[in-house]
Structure formats: structure tokens, C-alpha cells
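Contents: one structure, followed by commentary.
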Protein chains: 2
Amino acid sequence: MMRTVLLRRTLALALLLSAAPLATRAQTVPSATDSANIRRIYNEALAQGQSYENLRYLTGQIGARLSGSPQAAQAVQWGQTTMEKLGLDRVYLQEVMVPHWVRGKPEKASIRGDKGKGVSLNVAALGGSVGTGGKLRAGVVEVQSLAELAALPEARVKGKFVFFNRPMNPLYVETGQAYGEAGDQRRSGAAAAAKRGAVGALVRSLTLAHDDLPHTGTMSYQEGVTQVPAAALSTMGADELSQLLKADSKLTVELEMSCQTLPDVKSYNVVGEIKGSKYPDQIITVGGHLDSWDLGQGAHDDGTGCVQSMEALRLLKATGLRPERTVRAVLFMNEENGNRGGLKYAELAKASNENHLAAIESDGGGFTPRGFNIEAAPSVVRKIVAWQPLFAPYGSGLLAPGHAGTDIGPLKGQAKALVGYDCDSQRYFDIHHTAADTFDKVNRRELELGGASMAALVYLLSKYGL
Amino acid sequence: MMRTVLLRRTLALALLLSAAPLATRAQTVPSATDSANIRRIYNEALAQGQSYENLRYLTGQIGARLSGSPQAAQAVQWGQTTMEKLGLDRVYLQEVMVPHWVRGKPEKASIRGDKGKGVSLNVAALGGSVGTGGKLRAGVVEVQSLAELAALPEARVKGKFVFFNRPMNPLYVETGQAYGEAGDQRRSGAAAAAKRGAVGALVRSLTLAHDDLPHTGTMSYQEGVTQVPAAALSTMGADELSQLLKADSKLTVELEMSCQTLPDVKSYNVVGEIKGSKYPDQIITVGGHLDSWDLGQGAHDDGTGCVQSMEALRLLKATGLRPERTVRAVLFMNEENGNRGGLKYAELAKASNENHLAAIESDGGGFTPRGFNIEAAPSVVRKIVAWQPLFAPYGSGLLAPGHAGTDIGPLKGQAKALVGYDCDSQRYFDIHHTAADTFDKVNRRELELGGASMAALVYLLSKYGL
């Protein structure tokens, strides 16, 4: 017990000491003015926020917008027009070639038992998968992991579907952690299966919900390995298949998918900018990704991140908080299946020798804010964490090291800090990459609070630098 | 700037000092064992939690259960049976007489302009309201507050509906604060209107959403003041009425409601108990309310609190953490329109000279946990706040003074601490007291995390006392 008491004292002492270096860096210390300005940002968002109505348009009038699709092109136009209406200093496009994968006709799948009676399965082709070229029927071997597959005798796998059935771990409080750990099956399962002579991969959907919705998502092949089709099963479908396999290991699955990859298409990142009043050469980027999967409406993934990023700039304008450093909203193209937009943005920034102070991304849904995940040197992390008291009153005071985001990932080494907007993660994977990722799942206040949190961070970064 | 730095140092120092008294109270200091035990509680809830399936039954098979209704009686039986299945040491009922108000036929309301063309309004009688006795048609006077009404000349009010149209304040981050501030119109509007000679009250629904759902809720009359009917308008309906009034101050509203109050009915609180292994006379109560409004299914209000309270006891049993003090789950009857169950519970506790250590209530919905609001002496608050590090990993580490709950309110002075489970409040008032408070609005993980948070607090209270 005494040890615990000492630990608590040590912790308090550490807090005391960690506050000390701030005395030498007065510019990073929040003031009462900052507190009042941030209150104005949140007030504007809560009373007059435009994220929600912008999202209603994007999801309802344009809808799903996979890279290369006509809807993705419409979304680019919409993003440009919407930012032009904000009266920014500059709105422009960055050209980027993107993959063009199409799902084709709705997929069909069924379980065939010895007696030939079909149990139909809701499936979704994984993004990037080849089609089946008509009906593909084969036996099934179930595994929990890539390692288990690698250890199986080739005869057990050859000519079959490999069925990857490891569920996401429900014990993590942060659902993203479980998603990260279970994702290898989806990303690399088909290639691993083909290497062992399998004809296809069936992958349990990456979700903690138990329902009949299949979740798509990106997968990739390996150079020199046969490309075999890969489909996601709903969690209910996966459980059913697993159970039937126990009773009849010789059952077959019949799969029909007409998806294919077409030639790359020209597309764009959309960029809007407010020039910094004092240090225009220092850039703070805030973004989400404009593309989405082709199921649903791409509401939480990542329409919310796009409208929040634009809203962050609008909030600065509406509150008259002209930033001292340049602030950019970026709607990245092609996060879902290539990250070409993120790569292009970093490439152009490097080529122009741009000085990126920080890049913020919102790509974890538009749920109630919690805070920010920071990728930066420890001294830079400390500066941002020192702003915690300014965020705490809004429930967004969880500032800690963590993964920032895919689109801004390529800026690593170019920007002093990469920052991921962190919001409540419990509902996200229930709808992620499915037909259920629709506008009605988004709550207006949760969404607007997120945009305000991002604007508040941009405000502080633009005032104090890093 | 220096002042801010000093403030931060002072804060750190205060933290240091606040940790000091713990040295003299080793029993309140959490240990590594506590951390591990709490992890087990959350693991059990996340992997095998039963709150969600219990709630599915309560909302789907029984549904809305206003005090005095046959469904409320069914809910009592269900609560008793469900707790008996948990293998508790004792399950029993506490008899209590409750009000019996019935809505009657669906309400009808419309706006009548000069040209007699009706615009229909979605309305819901407020709970406790008298009916209209057929169609009631009258002019309308709009006010923003009880004070504004009191200042109006009587001639402006006499023979009319008073239309209370003050919206909930969207600027509060905590929606409950806005609800509290706007609630006087609903609770006291009809009596205040009748005092000035009005024939009825029309009240803007207490919600931050802009939609066509009317929100019911309790209201009361005053001794010696005429009882006039009171109805809630949806926020869209209220906005429309307000706009039409501006164009035509002589418009009328026609209202038809057949609600009435019947004689009191015998009902029950449902109580389940695990006897404390060391201090059986010290009682920790954890509860929600079993009754709900008659619209919707009473899912978030307060089916979630009921299933979480029972789950808290189940989690202790399932993890083998036998409490040292007695723990009770209480499903209170009649929170919504009388609080007779809460009053009866406190009355019986006093009559039996029971020693209540703490009472915990969950009645803010089943959303993602944030922490607990504590009503207790400052020294007691400090003891509970010292457990913060044990809750932080689960996102429920916001422990602070605040309103605990209505059902447990009457225990004030009898229990050392009243504690309210605090969860994300953004979505709650969108559905509160409406037809939309249904099971599909509840997320399984959010709900189960809440039950685990409550169980963890019960575990600590039962181990360390206060």
C-alpha cells in the first residue's frame, strides 16, 4: 500500500516537473483569451455549424464515391464549390491518378451441403479483388490466422476456399485496436491462400457487431502469386459457415462475383486555404478523405472528416480568428484503396519545399469527440498536451501519442506533428465499409463538436506554432 | 503569461497535496489487484455481457410501461424473474401505490388560420394533463418564459392557449444542463397559464433536435388553480406555429386530447441483493427506474439503467468478486411521474434503520461511459475521485461532484454518497420521452461498458467503504 502512495506522490511530482518547462516557453501557454476564443468557436459550431447540412448533401445527393467512379468526380466538384462559397483565399485541385475498381453485379454466394440444398450468404467482394469468372464452387478450409494457414498441409488447402474466421477482439475498449489486429486476414488473406493453392478467400467481416452485413475493405495481391477472388462474409454468415463445416467438412461454397479493376482514372485532392497573417509559409493542414467505399453513403467514413475539415476553416472565419499561419483544408482522394491522394499531397509539398507545421486528420467517424492522437517528437507532443485544459470543458481533452491517419501519413518527416482527431469508437465498426454507413447514423451535435475541436486545435497551432 | 504558468504550478501542487491525505487512509488506495479485478469485470461485460439481451426482451416483449399500466406490472414480474435467475441471495418486491395516468386516444391538433385551412400538428399530451373534453379551439399567445407570461396583461392571455416556445440552449456541451434550464415551461406552464385565465398550454418539446417528434414528460397542477390541458409540440411544429403567428396573430389552434388520471394503482420496486461477506449491514444500492413513458419502448429511459444495475450484480458473481458489503440492485417504479418508488425505498430504509453507504443510479441513457457524478461531503467525494486511475482506461474516469439521480434523491442524508452514472449526453434528448426511444437506438458495447463501470464502482465501494 505504501508503494502505491509513493507512486501517486511521484506522479504528482512528475506533473509538477512537467509543468516547469512551460515557463521557458511562454508562447505555448494557453491564456484566458484562448479560452474565450475557443468558447466562441464551439458556440458557433453548436449554434450554426454547417457540417451536418454539408454532410446531408454529400451523402444524400452524391452518395457512395469510390475512387474512379462518377460520384467521386461529383464529390470533387462539390468539395471545390463548397469551399469556394466559404470565401477562402484560395481553392484548388491537385491532380492524381487513382485506381478504378468496380464491384459489378451484386455478388452471390451460397453454402452447398451434401444434399445440395443452398444456404445463401450475404457477401461483399473485397476491394481490389478479381471476379470469379462465372460460378466458382469449392470446398472450404477454416483458419483463424495467416500463421495457421501456413502450417496446414498443402493437400488440405489446394483447390479450396480458405475461410479466415478470426473475430475482432471484443476486449479492447478502443475498437480501432481490435480492427488493426484482425486486419491482416482481409488485406493479405487472398495472396496467402493462393500461395498454398487455394482458389479463393472468404474473410469474416471486420466488425464487433453480430449481424448479416458484409464489410468490404481493401485487399492486395502479391507480385507473382495467382490472383484469386476474395469476399467478406457477415459475422452471422461466418458463424453459420463455421458451424456447418463442423457438421460437414466436405461442404462447398459457391461464389459469383463480377468485380474487376479498370485502368487508372484522373482524379483530384481538393484544397482550400486561408493565408496566414504573420507566417504564411508555415502550413497547418486539416483533412479527411473524399472517396468512400461503394456500399452505403460514406457518411462516417469519411464524409464526416471532410465536412469537419472544411468547417474548421469556416469556424475561424465566422469567429474572426484570422490565423497567423496558413491553414488548409484538404479533401484527400483515394484513402480507401491506394492512398494516392495522400501520397500526392506529400509529394507536391516536398517538391514545393513547403513548410508543414502540422497535419490533422479526421477519419475515425463523426462521433462525440474525445481528443487527439499525436505523432511527433516527445517535446512537440508535450507542447500540444499542454493545451489539454482548453479542450477538457468540451470533452475533447484526451491528448496523447497515437496513430494520426492514413492520408497524412506520407507527411511524416515533413510535418512537425501529425495529429488524428479521436472520437468515440464504439459504434464505428458496426457500420464501417457497409451499406449501413449512412447519414442517419450521424448525430448533428456529435459531428459539429468534432469540427469545433479541430478548429480549436488549428487556432492554437496557428497562434503558437510548434 | 507568468500568471498562467503560476496557476499551472499551483494546480500541480494542489494535486500533490490532495494525494497526501491518502497516506492516512491506505484502505481507499487502489492496488494492482483492484486494477486486475476491474479488468476482469470489463472483460466479462465486453465478452459475455447480458445487459443488451435483457434490454431486448424488456423493450421488445413488454415495451412502454408507464406506472399503473399492465406493462408496468409485467415489467415488475420480469425484473423479479430475471434477478431470481441470477442466483442472488434475496429477491423481493416493495409495494408502492403509484399514479395511473392514461393518454387515451391519439391526440389531434391543428392550426386554423383566418381562411380555416388546417395545418396539422404532431402533439403529445404532457403526463398528468387533463383532457380537452372534446375539441378545444382558442387563440394563441406565444411566450419564452414563465416570467414573460407573468408580465403580460391578462387580456392578452385570457381564453387562449399559452404557447411556451423557449428552446433548449444548444451552447451547453452537457445537454442535461439545457434540459434542466428549459424544463420549467413543461412542468409548471399549464398552472401558470391557467392562473392568468388561459384555457391550455402548448409547450415546445425539450430536445435539441429539429424534427417532428413530440416529447412528453411530467407536468403538475397547483392546488386551487383550474386544471387546463397541456400538450408538447414537436420543435418543427413549434417553429411553424411561431412563424404563422407572426403572420396572423389571430390564428387559432384546435386541440383534442382524451387523457385522464385514474385512481392510484398498487405497484412495486424490485430489489435483488447479494449479502456482504464482511459487513452485511452496510448497503450499496445500484438502480434504474423500471417505469417509462407510454411512447416508444423506454429503451434509453430507463431500460438501460435497469439492465445495467442487474448486470452490475451479475458481473460481481461471474467474476467471483463476492462483495464485502451488501449490494442491491433496485428497479424503481414511477420515476417519471411521481417518484413514488424512490420515496418508498428511502422511507422503508429509514424505517428499518438501514445503513446505506452509497446509492448509484443510471438514468441518463445507455451511451458510452464518461464517469460518475457525486453528491457527498467533500471528503467523501475526494475518496471516490482517488479511484480515477482505475476508471480512466475504460473512458469512465470523469469523477466529479454533480447531480446523482431522481430515484435515489430521497436517500439524501441517509446514504453517505449518491452517485449518478454519467455517459455521453449528445443523443439522449433527441429521443427522450418520445416514440423513438426504442431498442435500436442502443449500442451493445456502449451499454455493456456502462454496466461494467457501475460494477467496478460497486466493487470498490464494497471493498473499501467510504
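The values are calculated or read from the model by the stated rules, or taken from the named source; none is laboratory data. In this text, all values refer to a predicted model and were calculated from it rather than measured experimentally. Counting neighbours? That spans all protein chains shown, and the Cβs are built from the backbone with ideal geometry, glycine included.
With the requirement that a residue be in contact with a Gly (Cβ under 8 Å, 6 or more places away or on another chain) and among the aliphatic types (A, V, I, L, M), what does region A:356-389 give you?
Within region A:356-389, A:357, A:359, A:360, A:374 qualify.
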Among all residue pairs at least 6 apart or on different chains, which show Cβ distances below 7 Å where the first residue, located in region B:204-228, is in the same structural domain as residue B:298 (by TED's automatic domain parsing) and under 13 Å from residue B:185 (Cα atoms) and the second is surrounded by 22 or more Cβ atoms within 10 Å (Cβ to Cβ) and among the aliphatic types (A, V, I, L, M)? none
Selection from region A:48-68 of residues surrounded by fewer than 21 Cβ atoms within 10 Å (Cβ to Cβ) and small (Gly, Ala, Ser) yields A:60, A:63
Anything in region B:372-425 that is hydroxyl-bearing (Ser, Thr, Tyr), away from every other protein chain (no Cβ under 11 Å) and either free of Cβ contacts under 8 Å to residues at least 24 places away in the same chain or touching a Leu at 6+ places or on another chain (Cβ under 8 Å) (or both)? List them, or say none. B:379
Filter region B:170-214 down to residues that are in contact with a Leu (Cβ under 8 Å, 6 or more places away or on another chain), more than 24 Å from residue B:256 (Cα to Cα) and within 14 Å of chain A (Cβ to nearest Cβ), then give me how many there are. 6
Mind counting the residues in region B:305-326 that are in contact with a Leu (Cβ under 6 Å, 6 or more places away or on another chain) and among the β-branched types (Val, Ile, Thr)? 1
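Please enumerate the residues belonging to region A:432-456 that are away from chain B (no Cβ under 12 Å) and crowded, with 24+ Cβ neighbours inside 10 Å.
A:432, A:433, A:434, A:437, A:451, A:454, A:455, A:456 - these are the residues of region A:432-456 that are away from chain B (no Cβ under 12 Å) and crowded, with 24+ Cβ neighbours inside 10 Å.
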Enumeration of residues in region B:86-111 that are within 30 Å of residue B:318 (Cβ to Cβ) and in contact with a helix residue (DSSP H, G or I) (Cβ under 9 Å, 6 or more places away or on another chain): B:86, B:87, B:88, B:91, B:92, B:93, B:94
Quick test for you: out of B:428, B:459, pick the one residue that is of a type in the set (Ser, Thr, Tyr), surrounded by fewer than 24 Cβ atoms within 10 Å (Cβ to Cβ), outside the structural domain of residue B:234 (by TED's automatic domain parsing) and in contact (Cβ under 8 Å) with a residue 60 or more places away in the chain. B:428
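So which residues in region B:14-56 are modelled with pLDDT under 95, of a type outside the set (Gly, Ala, Ser) and outside any loop (DSSP other than H, G, I, E, B)?
The answer is B:15, B:16, B:17, B:21, B:22, B:24, B:27, B:28.
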Within region B:114-128, identify whether any single residue is within 14 Å of another protein chain (Cβ to nearest Cβ), under 26 Å from the mean Cα position of the chain (by Cα) and modelled with pLDDT of 95 or more, and answer yes or no. no
Selection status of residue A:304, within 28 Å of residue A:63 (Cβ to Cβ), assigned to a helix (DSSP H, G or I) and not aromatic (Phe, Trp, Tyr): yes
Restricting region B:35-86 to residues that are touching a residue at least 40 places away in the same chain (Cβ under 8 Å) and aromatic (Phe, Trp, Tyr), the one nearest to residue A:173 (Cα to Cα) turns out to be B:42
From the list A:398, A:343, A:348, exactly one residue is in contact with a helix residue (DSSP H, G or I) (Cβ under 6 Å, 6 or more places away or on another chain), modelled with pLDDT of 95 or more and surrounded by fewer than 24 Cβ atoms within 10 Å (Cβ to Cβ). Which is it? A:343
Would you please name the residue that is farthest from the other protein chains (Cβ to nearest Cβ), looking only at residues in region B:139-154 that are touching a Gly at 6+ places or on another chain (Cβ under 9 Å) and farther than 18 Å from residue B:255 by Cβ? B:154
Strands (runs of 3 or more DSSP E) within region A:219-287 that include 3 or more residues among the small types (Gly, Ala, Ser): A:230-233
Based on this model, can you work out whether residue B:329 counts as over 23 Å from residue B:127 (Cα atoms) and touching an Asp or Glu at 6+ places or on another chain (Cβ under 7 Å)? no
When residue B:200 is evaluated against the numbered criteria (1) touching a residue at least 60 places away in the same chain (Cβ under 8 Å); (2) surrounded by fewer than 15 Cβ atoms within 10 Å (Cβ to Cβ), which criterion, by number, is the only one it fails? (2)
Would you confirm whether or not region A:412-420 contains a residue that is assigned to a helix (DSSP H, G or I), assigned by TED's automatic domain parsing to the domain that holds residue A:283 and surrounded by fewer than 23 Cβ atoms within 10 Å (Cβ to Cβ)? no
